[in-house]
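No lab work stands behind these numbers, since they all come straight from the coordinates. All of these numbers come straight from a predicted model, not from anything done at the bench. Positions of Cβ are generated from backbone atoms using ideal geometry, with glycine treated the same way; all protein chains shown enter the neighbour counts.
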Amino acid sequence: MVEAIEDLGRIVREANIRARKSSISRRKTRDPSRPAAKWVASAPIGKTTGTALSLVLSTHGCSHALSDAGGCTMCSYLLDGTSGEVSADNLLSQFDNGMEGLAGEPAPLSVKIYTSGSFLDESEVPLDARNSILDRLGGDERVREVVLESRPEYVTDSALESIAQRLQDRHTEIGMGLESSNDFVRRMCINKGFRTEDFTSAVNRALEHDIGTRAYVLVKPPFMTERAALEDAVQTISDAVDMKVTTVSVNPVNIQRYTLVEHLWRRGEYRPPWLWTLIEVLRRSRKNLPSSVRILCDPVAGGKSRGTHNCGECDLALVEAIRGYSLTQNIERLQVEECDCLPLWKHTLAHEGPSMFVHEDIARGLLGNA
Amino acid sequence: MLMIERGHCGPARVGYVEWHGKKISLPTLLQLDEESDSPGGYSILDIWDGRSHDTSVHPLSEGIFTEIVTPPNTDLYLLPSLPGASALREETGHAILRRQLELLRENESDLNPKRAVVRIPNRVSLEDLSKALSSFKSLGVRAASLTLDGTFGPSDMNAIRLRRALPLNWTYLALGRIEPSHIPLLYYLGFDILDTGLSYRAAATDVRLWRDGIENVTEKHISPRYCTCDSCKGANLAEMPKSARYDIIAGHNHATYRAVLSEARHAMETGHLRALVEAMTHRSPALASALRRIDADLYEFLEAFTPTAGDQVLPLIGPESYNAPAVRRFRERLVDRYVPPPRKKLVLVLPCSARKPYSESRSHHLFDRAISSAVGGARREVSEAILTSPLGVIPRELERIFPIANYDIPVTGDWDAEELRLAAGALVEHLSKFPEDAVVVAHVSGGYRQVMSEAEDRIVQTLIYTDSAESATSRDALSSLESTLTDMRDVVPLKSGPQVAREETLRATADFQFGRGTGQLLIPEGANLRGKLFHLVVCELEGVQLCSFVGKNGLLSLTLEGGEILQKTGRYWVRFDGRRIRGGSLFAVGISDADPFIRPGDEVVVVNGDEEVVGVGKSEMSGREMCAFDNGRAISLRHTRE
Ligand code: SF4
Ligand SMILES: [Zn+2]
Ligand SMILES: [Zn+2]
């Protein structure tokens, strides 16, 4: 007989696939010569402040999500992808289109290139396109920082070599979704599809090429209590630092469409993490970790019901505090005024584990029938 | 080990459980360790002094996908489950149970199964559940928990429906969001230990929990309720700082849980728990509809633990009583077990009276006088049927039996559609047992008459109404009753003869108590009956006493010789492990087998391994419990063989 735990894993995977089933057919056909999104903001680059471009390339999407594995339980980036064909030329025009946003901006510049999957996955971003993009970045003297995103299996020696060659002395980071350093959590709750050692090897390979890494840490995967999620995130951040990643990016789950997380959320069986949890994760991590490691956090949909949130009263202040901290790395920025909802959060931490009762939003009524 | 004490009102129990050498009185409450750092847990609360016992109940982990914390220093540990599992397919439930089993087996040396609490998933098939439970049982597990969200929505109802499939001699915890007003219902359903975690959750939002509702103490322009509890002590909650208020409110909320649980326990011990549960349904429509669904879906489970005797008043106030187990069982037993005595040529339908037993009410005195003066010695050919809600129809012979002599209803004369339907159905069933050429005389008014018209088309006999449409007890109505019966005496015709009310009552009682046909066996032709009806009537055959009818509770009690007769019917037997019983009680530990149809309050016969009747007495638990438990008083013996 199959071990029950494997059975549970299968059940979760099947539920995950069911939840996202319709999302592929719901994808739009986008103009293949335009990026899915782009935005420009001022950002700390090295020791000064400069301008950062974030560019989301429109690709056919993450191979992990397109495969039979079904993708991660909280991610619907596939929806941002396009159902049409995207050629190398298309990707280059997308890149050029994005770079127009930096026209006339003085150095230093930072360019973050995201896809709906992995920039280093050749089936998503053809090698030609990748190299040309890297060449253009390498040719722009203003660009001092480059952030790319990829699953660790694509962070190969050859990819790293070509990055190092083309970007030279620029501060380069490859962001990878570690999510949790607990294999079990990453497999069962997230369906990430790789092991911790795969991630560690990728970090080490990058180190050998003098390329930095950025670990994405997920706060509150599904099937975890608020407290377990908090502990897991703190542990993961500390483990990531031990693995010698350059930067940690802390990402609270937000409810994306056609995901297993959304399925649970709709049934009152999942609540995005409290902002208090996020603050606690950041505080505890900052206290224990060397200051050389940056811990970033820009909570997507912070304060909204689909994002990390509190009671509605204090959310704005907390999101501001977190952003401020992320920008400055000054732990004092995390000092916020206590809100009336704090005991409610503490109660959630205390009660969910022993009762296994999923504490959803207070907005649904303190008393179920009130 | 669970030890239950005397008393029954549905599946609820009082008793003790021993864990880790600590004796816990049941029912009781769980207090959340709100202050403790990771991972949180409970301790068991002493409901009398409000302090927490030193008995701790901790989870082994925060979830199945979360690391197991090395066996914590806890008296009871909750096996891991999966938060959010209810949103997954039903097979998840089975996998969760199997995972818990695996854990116990893999960690045999660290985890003592006697201290484990199985987490029962809300969604699991009954088949998978029973399979898993028997594996847990063989490992030595004796406790389980369910998690409720307190909405009594589909998830809660699924969980509650599972309760019927759980072993009787385990201890059950209800965790999650449990309001004080849910306590009577959950206790009634057989949950022994209840989570009070909501105390804190409510306090965090300035909400005081009350027996009958909630109160936000900071609501503007509304004065806070006055409270006598130790925690509130007249404190001005709205004015004080939030942190001070939090502790006071949490203390108040815990006090409310304690008060309601002790109320529920008291109600159970006095036989009023069901009434309390019904009263609580007025707290919220969700509770009311939950009880309705529970009555429909779990009838067999509830009924099995509902006593068949008692002397407490049974209030049946509204629709929540229509299908109470004691009520529905009476209606169904009447259909199954009641056989009209022979020679009845006229059925007189009468209204019930507020006072019980009916024959001691003013209205029935008046009816009695009218009947006597109209038919006199021919009364032996008249059967009296009393219409009432929600019990249906009561033949005069059974007016003293539980719950007929005990129930109390608001008599307004207005019947709702459900009451009409139930009573009409019962009447049609009842009359169908009489010969087609009998005559039915209805002396009823108001709602009772509506019942008649609802039933009319389905009654095969000739139906005659007296002139009582306005009131059944007016002078005119009574004289109409008398003249109608006088006419009928000649028309039917009704013949006089010796009075037979005593044997008819005893036989009907025997049939009702022990099953159809038993009346003929226990009160055979030629039996000698002594005593006044509705006081004490002793039945002897050839100088040997078989049974006696006790007017006070309307039941037959058996002698050993009567027990031998009952033994032959194959019903209401209990098999005793030894040869001879000593003492006034038989405990469950001494019972090897018992008729599963036995209910608390039944008159039962005890046989030994040689099929010899060694005792008769009154059961204190149901037959299934006698088999499942190793302790607890099972039978209060009336007679034992020397
Ligand atoms: S989180 Fe990353 S790896 Fe997982 S499905 Fe989304 S894009 Fe793919
Ligand atoms: Zn708040
Ligand atoms: Zn109080």
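Estimated from the Cβ-Cβ distance and a Förster radius of 45 angstrom, the FRET efficiency linking B:S592 and B:D408 is about 0.65. Sorting the segments A:277-283, A:133-139 by their mean number of nearby beta carbons within 10 angstrom, highest to lowest, gives A:277-283, A:133-139.
Would you mind telling me the antiparallel percentage of the DSSP bridges in the protein assembly as shown, rounded to 5? The answer is about 45 percent antiparallel.
Counting pairs of Cα atoms in segment B:205-363, how many percent are more than 28 Å apart? Write out the running numbers ahead of the final one.
Values: 5766 of 12561 pairs.
Of all Cα-Cα pairs in segment B:205-363, 46 percent lie more than 28 Å apart.
Over all alpha-carbon pairs in segment A:2-364, figure out the percentage whose distance exceeds 29 Å. Write down the numbers at each step before the final one.
Details: 26341 of 65703 pairs.
Roughly 40 percent, once rounded to a whole number.
Mind ordering B:122-133, B:527-538 by average Cβ neighbours within 10 Å, highest first?
Numbers: B:122-133: 17.4, B:527-538: 15.1.
Those peptides, ordered most packed to least, come out B:122-133, B:527-538.
Provide the gained length on full extension for the span B:S223 to B:A417, in nm with one decimal, where the gain is 0.36 nm per separating residue minus the Cα-Cα distance.
Gain on stretching B:S223 to B:A417: 65.7 nm.
With an a/c value of 1.5 or above and a/b not larger than b/c for the gyration tensor axes a ≥ b ≥ c computed over the alpha-carbon atoms, segment A:8-85 is described as oblate. Placing one equal scatterer on every Cα of segment B:521-590 and applying the Debye formula, the log10 ratio I(q)/I(0) at q = 0.17 Å⁻¹ is -0.74.
Label positions at A:E14 and B:R89, each projected 7 Å from the Cα along the C-beta direction, are separated by 0.2 nm.
For segment B:238-306, the C-alpha radius of gyration sits at 1.54 times the compact-globule guess of 2.2 N^0.38 Å, with N the residue count.
Taking the three principal axes of the alpha carbon atoms in segment A:110-244, the coordinate ranges are 48, 27, 22 Å, sorted in descending order.
Between 0 and 90 degrees, the angle of helix B:126-139 with respect to the longest Cα principal axis of chain B falls at about 60 degrees.
Remark: the Cα gyration tensor places the protein assembly as shown in the prolate category, a/c being 1.5 or greater and a/b exceeding b/c. In degrees, nearest 10, range 0 to 90: what is the angle between the Cα axis of helix B:285-297 and the longest Cα principal axis of chain B? That works out to roughly 60 degrees. Once the Cα-Cα distance is subtracted from the 0.36 nm per residue extended length, the A:R142 to A:D298 segment shows a gain of 53.7 nm. Taking R0 as 22 Å, what FRET efficiency do you get between B:V339 and B:S453 from their Cβ-Cβ distance, rounded to the nearest 0.05? So the FRET efficiency works out to roughly 0.20.
Only Lys, Arg, Asp and Glu carry charge here, each on its Cβ (+1 for the first two, -1 for the last two); on that basis segment A:1-120 has a dipole of about 320 debye about its Cα centre.
Taking the Kirkwood radius as Rh and the Cα radius of gyration as Rg, segment B:434-533 has a ratio of Rg/Rh equal to 1.06. Each label was represented as a point 7 Å from its Cα along the Cα-to-Cβ direction; for A:L316 and B:L463 these points are 7.2 nm apart.
Take peptide A:6-13, look around each residue's Cβ out to 10 angstrom, count Cβ atoms belonging to other protein chains, and average those counts.
Numbers: counts 2, 7, 11, 2, 2, 9, 6, 0.
If you average over the peptide's residues, the count of other-chain Cβ atoms is 5.
Model label sites at B:R580 and B:E525, defined 7 Å from Cα along the beta-carbon direction, differ in position by 4.0 nm. Placing R0 at 51 angstrom, the Cβ-Cβ distance between B:T270 and A:E3 gives a FRET efficiency of 0.50 after rounding to 0.05.
How much net charge surrounds B:D437 when only other residues with a Cβ under 13 Å from its Cβ are counted (Lys, Arg +1; Asp, Glu -1)? With Lys, Arg at +1 and Asp, Glu at -1, the net is +1. Principal axis analysis of the Cα atoms in segment B:10-297 yields extents of 58, 44, 36 Å, listed in decreasing size. Pairing the Cα long axis of helix B:325-337 with the longest principal axis of chain B, what angle in degrees results, from 0 to 90 and rounded to the nearest 10? Helix B:325-337 sits at roughly 40 degrees to that axis. Dipole orientation for segment B:507-640: of the candidates B:C627, B:A508, B:N608, B:A508 has the Cα lying most toward the positive pole (charges on Cβ; Lys, Arg +1; Asp, Glu -1). When the Cα gyration tensor is reduced to axis lengths a ≥ b ≥ c, the ratio a/c is 1.5 or higher for chain B, and with a/b above b/c it is classed as prolate. One chain, two ends: B:N107 and B:R211. Fully extended at 0.36 nm per residue, the span grows by 33.2 nm beyond their Cα-Cα distance.
To the nearest whole number, what is the average tally of beta carbon atoms from other chains within 10 Å of the beta carbons of peptide A:49-58? Kindly include the intermediate steps, with their values, before the conclusion.
Working: counts 0, 0, 0, 0, 0, 0, 0, 0, 0, 0.
Per-residue shielding by partner chains comes out at 0.
Would you please state which residues of segment A:77-110 a label at A:K47 would reach in this model, taking the label point 7 Å out along Cα→Cβ and a backbone N cut-off of under 17 Å? Once the point is set 7 Å along Cα→Cβ of A:K47, A:108-109 turn out to lie under 17 Å by backbone N, inside segment A:77-110. Taking every alpha-carbon pair within segment B:507-640, the share separated by more than 22 Å comes to 32 percent.
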